[in-house]
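I have placed the structure first, in the form of structure tokens, so that the comments after it can refer back to it.
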Amino acid sequence: MQRQLQHLFVILLVLAIGVLPCARDLTAQGSAVIGRVLQEGNERPVFDATVELLSLGQIVRSDSLGQFHFRSLKPGSYALQVRAVGYAPVTMQIRLAAQDTVDTDVLLAPTAQRLGTVRTDSSMPEVHRRFLREFDERRKLGMGGRFLDAEFFKKNDTREVRAILESTIPNIRIVRKAGLDFLIGARGAGWKKECFVQIVVNGFVQPEPGVMPYDLIGHFGQNVLAFEYHGVGSTPMQYNATGRDNQGVVCGTAIFWTR
């Protein structure tokens, strides 16, 4: 009986030793701020918003669902500022207790953007002028997304399009498979898993992402009139949820307007 009690004591001691580091780890995690950035009125997620804890200088960006988080924070009061293209910035005060998690939704109000009208050459074909009008109308809506206009491509006419996109749009990457280019987008898990971007060329959705690429090899700035990149939250309605990877996750939309 005494030996059994000794064995039981040893087992409990081993278990306690294993649990203590876990308890210390949980304590070390500190407090957290989590939440979502949403558009005021319809509560659509705002993708790629800049979320900053001003006093700490910590910055994160909202994912395709509008989600963001800060962890391992000390108790105290923090000023949280959220900014996104096409929206009025919001600053709010957050107070954290020890081992506390604050969950908050931040609503951003769309603002009218003062953008110059796209200038079109009178000698330009009507179809190209129509492309640029649609591009400009969407840009003026202030619904998010990233836009590269005709003037930009004119200045980069001798650069390869793949190099332009990789150096200008932080949320997409280009991977080459079997000699072909595929566009992949960042999502909540970052770049750990390939997430194929939906491709639209001159208003036409290309075949299923990841199956047939829109080959960028040999394309230069002079071949492109304008370009748009949209996350899930800012993808235009007519293209929304039409491009999916094998797991059924929308990974963003790249819209090319070409000559």
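Within the stretch 34-73, restricting attention to residues that are touching a Ser or Thr at 6+ places or on another chain (Cβ under 7 Å) and over 14 Å from Leu108 (Cβ atoms), the residue that is modelled with the lowest pLDDT is Ile59. Applying the criterion of being assigned to a strand (DSSP E or B) and of a type outside the set (Ser, Thr, Tyr) to the residues of the stretch 91-105, the residue that is nearest to Asp48 (Cα to Cα) is Asp105. Put simply, of Thr91, Thr111 the only residue that is of a type in the set (Val, Ile, Thr) and at pLDDT below 90 is Thr111.
Look at (1) under 19 Å from the mean Cα position of the chain (by Cα); (2) in a loop (DSSP other than H, G, I, E, B) and you find that Leu165 fails only one, number (2). Taken over the stretch 129-161, the criterion of being closer than 13 Å to Phe227 by Cα and within 19 Å of the chain's Cα centre (by Cα) is satisfied by Arg138, Arg139, Gly145, Arg146, Phe147, Leu148.
Residues of the stretch 137-155 that are within 17 Å of Pro110 (Cα to Cα) and of a type in the set (D, E, K, R): Glu137, Arg138, Arg139, Lys140, Arg146.
The values are calculated or read from the model by the stated rules, or taken from the named source; none is laboratory data. No experiment lies behind these values; they were computed from the predicted model shown. Because the Cβ atoms are built from the backbone with ideal geometry, glycine has one as well, and the counts that use them run over all protein chains shown.
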